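**Student:** Below is the structure I would like to discuss, written out as structure tokens.
The values are calculated or read from the model by the stated rules, or taken from the named source; none is laboratory data. None of the values given here were measured: they were computed from a predicted structure. For neighbour counting, all protein chains shown are included, and Cβ atoms are generated from backbone atoms with ideal geometry for every residue, glycine included. The accessibility values were calculated without ligands, DNA or RNA, using every heavy atom of the protein model including side chains. Shrake-Rupley method; radii C 1.70, N 1.55, O 1.52, S 1.80 Å.
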Amino acid sequence: MTFQELGLKEEILKGIEELGFVEPMPIQEKVTPFLLGEDTSDLVALAQTGTGKTAGFGLPLLHLIDSSVNTIQALVLSPTRELCIQIANDLKNYSKYVKGFKVVPVYGGESIIKQYKQLDVTPQILVATPGRLIDLIERGKVNLSTIKYLVLDEADEMLNMGFQDDIERILEETPEERRTLLFSATMPNEIANIAKKYMKNSVEIAIGRKNSGSDNVRHIYYMVPAKLKRVVDINPDIYGIIFCRTRQETKDIADKLMQDGYNADALHGDLSQVQRDTVMQKFRIKNLQLLVATDVAAR
């Protein structure tokens, strides 16, 4: 199947062709016809990170929204600032030739005044982290009464990060007739409960096996109760992440490694956004060999 066969508008096809899109990935091939078809059911889509989820919901949303109308027609909720920015940038790239289209990301860790100015012209798609969105709603800057589509991206991670109350608060601000699209890598009970409580006759689309890792990633892990440094010493060129259960463990292990001369640093929820960005940038460009992190912070 090709993107042309999915029935997307010409201006969208032109934009993604420039990006090198040739054939749709499985989630795009399944989700796009469902969202563009006559069935108006809500959607639960299960797929791992790296399987093309952003285009899976982004391309049909661009097809469905009316770019000539300056109201928020779609809201995409994401768990982290980084993912929020990534989704917004991807949507901007896909919509290069869609006249009048605007997407705005709003997230914590950046001046709310700057985001106020970006919202002076209402976007058709708003991408947001839950906390900052609630702040903007309470300040009267964002009105969700016009949205037709609500996307919960990385829904399992939002719950892991403690956003369930925020999500429910946001859902209460949206119209009952909205269409809800929930994307998640796993299907814990909390996700099932949200689907049951807030979604209408939802259809499930699963790519791969439920609660499984991505086939695009080679996974190697060590369970190390007390001999972590031995693993590092045997593999002097190691480049990886050390996951810990608690923030305190993360701090203690990173501090001990650094004291002993290892190229390590910590990433956890007690750091400011600027500090987290600095650590992640060091790790991305490989100026840091070992990232010691809680699983949520690493996400």
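**Student:** Test Y107 against the criterion of being over 21 Å from L19 (Cα atoms), touching a residue at least 12 places away in the same chain (Cβ under 8 Å), hydroxyl-bearing (S, T, Y) and crowded, with 22+ Cβ neighbours inside 10 Å, and give yes or no.
**Tutor:** The answer is yes for Y107.
**Student:** Looking at (1) surrounded by fewer than 18 Cβ atoms within 10 Å (Cβ to Cβ); (2) of a type outside the set (S, T, N, Q); (3) in a loop (DSSP other than H, G, I, E, B); (4) more than 15 Å from the chain's Cα centre (by Cα), which is the only condition P24 fails?
**Tutor:** For P24, the failing item is (1).
**Student:** Something else about it: Hey, among I147, I194, which residue is modelled with pLDDT under 85, open to solvent by less than 20 Å² (accessible area, probe 1.4 Å) and under 18 Å from V76 (Cβ atoms)?
**Tutor:** Numbers: I147 fails: modelled with pLDDT under 85.
Answer to the selection: I194.
**Student:** In addition: Which residues, counting only those in segment 27-69, are among the β-branched types (V, I, T), under 16 Å from L182 (Cα atoms) and open to solvent by 10 Å² or more (accessible area, probe 1.4 Å)? Give the steps one after another, and end with the answer.
**Tutor:** Step one: filter segment 27-69 for residues among the β-branched types (V, I, T), giving 27, 31-32, 40, 44, 49, 51, 54, 65, 69.
Next, only the ones that are under 16 Å from L182 (Cα atoms) stay: 27, 31-32, 40, 44, 49, 51, 54.
Residues satisfying the conditions are T40, T49, T51, T54.
**Student:** Kindly provide the set of residues from segment 150-177 that are open to solvent by 20 Å² or more (accessible area, probe 1.4 Å) and part of a helix (DSSP H, G or I), ordered by number.
**Tutor:** E157, L159, N160, Q164, D165, D166, E168, R169
**Student:** Would you mind finding the one in I137, I112, I125 that is modelled with pLDDT of 95 or more, surrounded by fewer than 22 Cβ atoms within 10 Å (Cβ to Cβ), under 21 Å from the mean Cα position of the chain (by Cα) and not polar (S, T, N, Q)? Write out each step before concluding.
**Tutor:** Numbers: I112 fails: modelled with pLDDT of 95 or more; I125 fails: surrounded by fewer than 22 Cβ atoms within 10 Å (Cβ to Cβ).
The unique qualifying residue is I137.
**Student:** What is the residue count in segment 75-88 for residues that are out of contact with any Ser or Thr (no Cβ under 8 Å at 6 or more places or on another chain), modelled with pLDDT under 95 and not charged (D, E, K, R)?
**Tutor:** Selection size over segment 75-88: 2.
**Student:** Sticking with this structure for a sec: Considering only segment 1-21, how many residues are among the aromatic types (F, W, Y) and surrounded by fewer than 18 Cβ atoms within 10 Å (Cβ to Cβ)?
**Tutor:** Residues that pass the stated criteria total 0.
**Student:** Moving on to the next point. Residue by residue through segment 79-137, note down the ones that are of a type in the set (A, V, I, L, M, F, W, C) and either assigned to a loop (DSSP other than H, G, I, E, B) or at positive phi (or both).
**Tutor:** V98, F101, L119, V121
**Student:** Moving on. Does at least one position in segment 111-134 carry a residue that is more than 25 Å from Y198 (Cα to Cα) and in contact with a Pro (Cβ under 9 Å, 6 or more places away or on another chain)?
**Tutor:** Yes, segment 111-134 contains at least one residue that is more than 25 Å from Y198 (Cα to Cα) and in contact with a Pro (Cβ under 9 Å, 6 or more places away or on another chain).
**Student:** Out of all the residues in segment 178-189, is one or more aromatic (F, W, Y), at pLDDT 85 or above and either assigned to a loop (DSSP other than H, G, I, E, B) or farther than 24 Å from A55 by Cβ (or both)?
**Tutor:** Taking every residue of segment 178-189 in turn, none turns out to be aromatic (F, W, Y), at pLDDT 85 or above and either assigned to a loop (DSSP other than H, G, I, E, B) or farther than 24 Å from A55 by Cβ (or both).
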